[in-house]
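Input: a single structure, listed below in structure tokens.
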Amino acid sequence: MNWQVVYKPTFLRELARLPAEVRARVETFAFEVMPRTTNPYALSGVEKLKGYREYYKVRFGDYRIGLRFDKKAKTIEFCRVLHRRDLYRYFP
């Protein structure tokens with residue numbers, strides 16, 4: 001069974017503001033790769049945030065995606081996508 005993917009409005013707003021080349025890579029990951037995965041923990045580039053149980057990040061050059069995985073509900077929540085200097089200020 002695949003995981004359900006949820007996109008926060010903040011994520012979608014920030015995605016629209018990204019540079020075109022980074023946005024294309026992030027969109028491929030968020031809208032094509034993640035919805036098809038059966039085990040999001042096994043994807044390359046997905047790293048756990050230290051000090052948090054269900055928060056993860058994915059790197060795209062100088063930009064990061066902030067994710068939240070809920071094991072019980074089997075949901076992946078795309079929370080934020082920001083430059084690396086800003087992500088850890090606003091996420092989680």
**Message:** If I ask for residues that are farther than 15 Å from residue 14 by Cβ, touching a residue at least 12 places away in the same chain (Cβ under 8 Å) and not in a loop (DSSP other than H, G, I, E, B), which ones from the range 41-67 would you list?
**Reply:** 41, 46, 47, 55, 56, 59
**Item:** Options 51, 45: the member that is modelled with pLDDT under 95, under 12 Å from the mean Cα position of the chain (by Cα) and loosely packed, with under 14 Cβ neighbours inside 10 Å
**Value:** 45
**Request:** From the list 62, 70, pick out the single residue that is exposed (fewer than 13 other Cβ atoms within 10 Å of the Cβ) and of a type outside the set (A, V, I, L, M).
**Result:** 62
**Item:** Residue, surrounded by the most Cβ atoms within 10 Å (Cβ to Cβ), within the range 73-91, restricted to residues that are within 21 Å of residue 33 (Cβ to Cβ) and basic (Lys, Arg)
**Value:** 80
**Asked** Do the conditions hold for residue 73, that is, is it of a type in the set (Gly, Ala, Ser) and at pLDDT 95 or above?
**Response** no
**Prompt:** Residues in the range 1-27 that are exposed (fewer than 12 other Cβ atoms within 10 Å of the Cβ) and in contact (Cβ under 8 Å) with a residue 40 or more places away in the chain: how many?
**Reply:** 1
**Asked** If you check every pair at least six apart or on different chains, which have Cβ atoms under 6 Å apart with a residue in the range 28-40 that is under 11 Å from residue 76 (Cβ atoms) first and a residue that is in a helix (DSSP H, G or I) second?
**Response** none
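The values are calculated or read from the model by the stated rules, or taken from the named source; none is laboratory data. Predicted, not measured: the structure shown is a model, and the values here were computed from it. Glycine also receives a Cβ, built like all others from the backbone with ideal geometry; neighbour counts cover every protein chain displayed.
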